[in-house]
Every structure is written in structure tokens, then in C-alpha cells.
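The values are calculated or read from the model by the stated rules, or taken from the named source; none is laboratory data. This one's a predicted model, so the numbers in the text were calculated from it and none came from an experiment. When we count neighbours, we look across all protein chains shown, and the Cβ atoms used for this are built from the backbone with ideal geometry, even at glycine. What goes into the accessible areas is simple: the full protein's heavy atoms, side chains included, and nothing from ligands, DNA or RNA. Shrake-Rupley method; radii C 1.70, N 1.55, O 1.52, S 1.80 Å.
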Amino acid sequence: GPWRAALLAVVLLSVLLAVTPYNDYFIRGSYMANHHVPIAASFVLLLLCLIVNPVLMAIGRRAVRDVPPHAFSTRELAIIWGMMAVSSGLASAGFLRFLFPTLAALHGLATPENKWEEVLFPLIPSWLAPSTPQGVRWFYDGGSSFGAIPWGDWLPPILCWSLVAVLLWTVMLCLATILRAQWVEHERMTFIHVQLPMALIEAPQPGRAFNRFLRDRLMWIGFLVPIVLYGV
């Protein structure tokens, strides 16, 4: 049911959000979530449709024309994709990539020439941005262990801005709900970024492990071209 899909999406997102900063900032790999169509989330959905679901179908198949209850339904795959697509960018360009450098820059980039200490410091409370030399120095120099993080300096700003982010995302969700009828029913927008996941999660024909999209040879030829170039 939907709860199974939501639980799996939370687990996948936890792994994805933990790996993204390591990939982006430590090994400096290709961005995993900084795209209109998030690459990592699309790759996970492809694995579910190409490997996981066919295996579950083979294990739980009862009859040729029955869809095994073990496999993920189209609705469940849509829930997984939606949660990953919306949230996978939080550790990247969707939130943290801009938040942390901005918070540390107030004290880290202050110089006698720009006079931030005189002009800006009195206006920014300590719970809005880290203000101690230890907290700012840790951000730029790093640390050797998780316990070395000066949580006393960083936790209040993180909690404060997380609340602002939740309120901002709630407003965006409400705006999308208000505009949905105009976009979907009146203008009949195609939402091109949703076409790929919709094609992937389409239910296969009875007796088949893959749907028509995944069995299309021409699609796989076009798929391999950017994959090879991007992989190189």
C-alpha cells in the first residue's frame, strides 16, 4: 500500500541525502540532484522498475494474468518518485548548499575594510547565525570527527532556518494547489519533467515483466548516448 511506498521512500531519501554532500563537496563528483530532473532520484526509480519490480513479480507471481501483490504498483512507484523528486535537492541546491555558506560568511568574511563588525553584527542575533570563532573556523577548516562539530554554535541557527524552510515549502505547496486547476484543467500543461517517470511507472501488460517504454529499443539507444557521454 501507500505506507509501504512512503516508508521505502524515506529510507532511500535518507541514504541519498547523506551521500549527496559527500559526492558534491568531498569527492567533487557530478551533481546528483542539481537538475530539473534529479538524476539520483531518476536512477533509483529506474532500478525499481528495471530490477526490483521484475524480481518481486517473479517471486510473488500466482497466475499469468495476475499482478503479484509483492510488486510495487503504479501508485506506489508514483509516491516513491514524488517524495524523492521533491526532497532529493535539500542537501544540494534546494536548500543546504546556499544556507550554510551564507550563515558562516557573516563572521567568516568580515574584514576591517567592509566594517561588517560595526554595521551588521549588532543586527544579527546569535541564534540566527553562528557567531563564535570556533564555529566559523570549523566551517572553513573542517574537522576530523563528527564529535568535533561545535553543535552549540550551529544547532540554534539550523533549527531556526529549518522552521523558515518548512513554512516556505508549505506556502509553495499551497500555491501549487491553488494553481493546479488552471494549469491542469484549463491550460492542459504537459509537465514535461513528469513524462519520464510516468512512462517508467506504467504498469506492464499481463504476463510481461516490463512495460512498453522499457521494451522500446529505440528508447534504449537514445538513453545510452547521454549516459556514455555523461559517464565519461
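What are the ³J(HN,Hα) couplings of the stretch 207-216, residue after residue, when phi is run through the Karplus curve with 6.51, -1.76, 1.60 and θ = phi - 60°? Round to Hz, x for glycine and proline.
So the Karplus estimates, Gly and Pro as x, are x, 10, 8, 10, 7, 5, 5, 6, 9, 7 Hz.
How much FRET efficiency would the formula 1/(1 + (r/R0)^6) give for ARG4 and PHE121, where r is the Cβ-Cβ distance and R0 is 41 Å, rounded to 0.05?
The computed FRET efficiency comes out at 0.20.
Angle check, please: helix 2-21 long axis (alpha carbons) against the longest principal axis of the chain (alpha carbons), in degrees 0 to 90, nearest 10.
Taking Cα atoms only, the helix is inclined about 50 degrees.
Please report how far the C-alpha centroid of the stretch 91-130 lies from that of the stretch 1-46, rounded to the nearest whole angstrom.
Result: 28 Å between the Cα centres.
Could you work out how much longer the chain between TYR22 and THR170 gets when fully extended? Use 0.36 nm per residue separation minus the Cα distance between them, nm to one decimal.
Going from the current span to full extension adds 50.5 nm.
Roll a 1.4 Å probe over the protein heavy atoms and report the accessible area of ILE192 in Å², nearest 10.
Estimated to the nearest 10 Å², ILE192 gives 130 Å².
Please go through the stretch 69-127 and write out the GluC sites (Glu not before Pro) that DSSP classes as loop and that have at most 11 other C-beta atoms within 10 Å.
Answer in residue order: GLU113.
How large is the accessible surface per residue of the chain, computed with a 1.4 Å probe and reported in Å² as a whole number?
In whole numbers, the chain has 66 Å² accessible per residue.
With every protein chain left in place and a probe of 1.4 Å, what is the accessible surface of TYR140, to the nearest 10 Å²?
Accessible area, nearest 10 Å²: 110 Å².
If you plug each phi of the stretch 25-34 into the Karplus form 6.51 cos²θ - 1.76 cosθ + 1.60 with θ = phi - 60°, what whole-Hz ³J(HN,Hα) values come out, in order, with x for Gly and Pro?
Listing the rounded values in order: 10, 8, 8, 6, x, 4, 4, 8, 10, 8 Hz.
Which value at 222 nm does the chain reach when only helices count, each DSSP H run of 4 or more adding -39,500 (n - 2.57), with the total divided by all residues and rounded to the nearest 500 deg cm²/dmol?
Value at 222 nm, helices only: -18000 deg cm²/dmol.
Ignoring ligands, DNA and RNA, how do ASP216, ASP141, ASP153 rank by accessible area with a 1.4 Å probe, largest first?
Values: ASP216 70, ASP141 115, ASP153 30 Å².
Largest accessible area first, the list is ASP141, ASP216, ASP153.
Work out from phi, with θ = phi - 60° and the Karplus expression 6.51 cos²θ - 1.76 cosθ + 1.60, the ³J(HN,Hα) of each residue of the stretch 115-128, listed in order in whole Hz, and give x for Gly and Pro.
Running phi through 6.51 cos²θ - 1.76 cosθ + 1.60 with θ = phi - 60° gives 6, 5, 4, 8, 8, 9, 3, x, 8, 10, x, 5, 7, 9 Hz.
Considering only protein heavy atoms and a probe of 1.4 Å, how much of the accessible area of the chain is carbon and sulfur, as a whole percent?
Numbers: 10740 of 15390 Å².
Answer for the chain is 70 percent, counting heavy atoms of protein chains only.
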